[in-house]
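Asks: Handing you a structure now.
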Amino acid sequence: MEQKFTHFDEKGNAIMVDVSEKKDTSRIAVASGVIKVSPEVMDAVVNRTVAKGDVLGVARIAGIMAVKQTAQLIPMCHTLLITKCSVDFELDEENLEIKASCTAKVDGKTGVEMEALTGVSVALLTIYDMCKALDKRMEIGKIHLERKEGGKSGVFER
């Protein structure tokens, strides 16, 4: 069976998918990623001594703001009325990693996977920005969709 790509018209031009006939459903997506830091950066984040301020607090706000701006950043993304958004962090001091998780929820015609992925990406970039004076060798990675629920495809669990 040949897969039909919905983001292109019959001439191969990129288009926004028409979701006007779809029913609103409750949808949720969770994405996560990691930033690998130096012992100096981890210590400064844990003890809140980074010169630019509360790293995780600012990164949380940046991630939430990014979720709300996803349609302006990713071509063909639909503008969504986000009904819930959270960004959380887990510090793994032994492995010098900060894991960020972003949860986005909407009642609508299309999913929120891109919003959750954008939120976690911007949260991690914000950590990098706020800590780069201490160490520019930080590495951002492992960004992926953990889970999604709702819509025609149902539940996805990584």
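The values are calculated or read from the model by the stated rules, or taken from the named source; none is laboratory data. The shown structure was predicted, so the numbers you read here are calculated from the model rather than taken from an experiment. Here the Cβ positions follow ideal geometry from the backbone for every residue, glycine too, while neighbour counts run over all protein chains shown. Side chains included, ligands, DNA and RNA excluded: accessible areas come from the protein's heavy atoms. Shrake-Rupley method; radii C 1.70, N 1.55, O 1.52, S 1.80 Å.
Asks: Could you report region 33-95's accessible area per residue, 1.4 Å probe, as an integer in Å²? Please report the intermediate quantities before stating the final value.
Replies: Numbers: 3710 Å² over 63 residues.
Per residue, region 33-95 has 59 Å² of solvent-accessible surface.
Asks: Report, as a whole number in µm² per second, the diffusion coefficient that Stokes-Einstein gives for the chain at 10 °C and 1.306 mPa s using the Kirkwood radius over alpha carbon pairs. Walk me through the intermediate numbers first.
Replies: Numbers: Rh = 16.8 Å.
Value of D from the Cα-based Kirkwood radius: 95 µm²/s.
Asks: Where does the chain land at 222 nm, in deg cm²/dmol rounded to the nearest 500, when only DSSP H runs of n ≥ 4 count, each adding -39500 (n - 2.57), divided by all residues?
Replies: On the way: 3 runs with 46 residues, N = 158.
Value at 222 nm, helices only, nearest 500: -9500 deg cm²/dmol.
Asks: Helices from the chain with mean Kyte-Doolittle at least -0.5 and a Cα length along the axis of 18 Å or more, per DSSP H: which?
Replies: Values: long enough: 55-73 (25 Å, 1.13); 113-131 (28 Å, 1.04).
The answer, listed by residue number, is 55-73, 113-131.
Asks: By the scheme Lys and Arg +1, Asp and Glu -1, what is the net charge of all other residues having a beta-carbon under 11 Å from that of residue 54?
Replies: Numbers: positive: 48, 52, 60; negative: none.
For residues surrounding residue 54, the net value is +3.
Asks: What whole-number distance in Å separates the alpha-carbon centres of region 89-121 and region 1-62?
Replies: Their Cα centres are 6 Å away from one another.
Asks: Pairs to check: 105/148; 36/136; 84/109; 11/109. Give those whose C-alpha atoms are more than 18 Å from each other in this structure.
Replies: Numbers: 105/148 10 Å; 36/136 11 Å; 84/109 16 Å; 11/109 26 Å.
Pairs exceeding 18 Å: 11/109.
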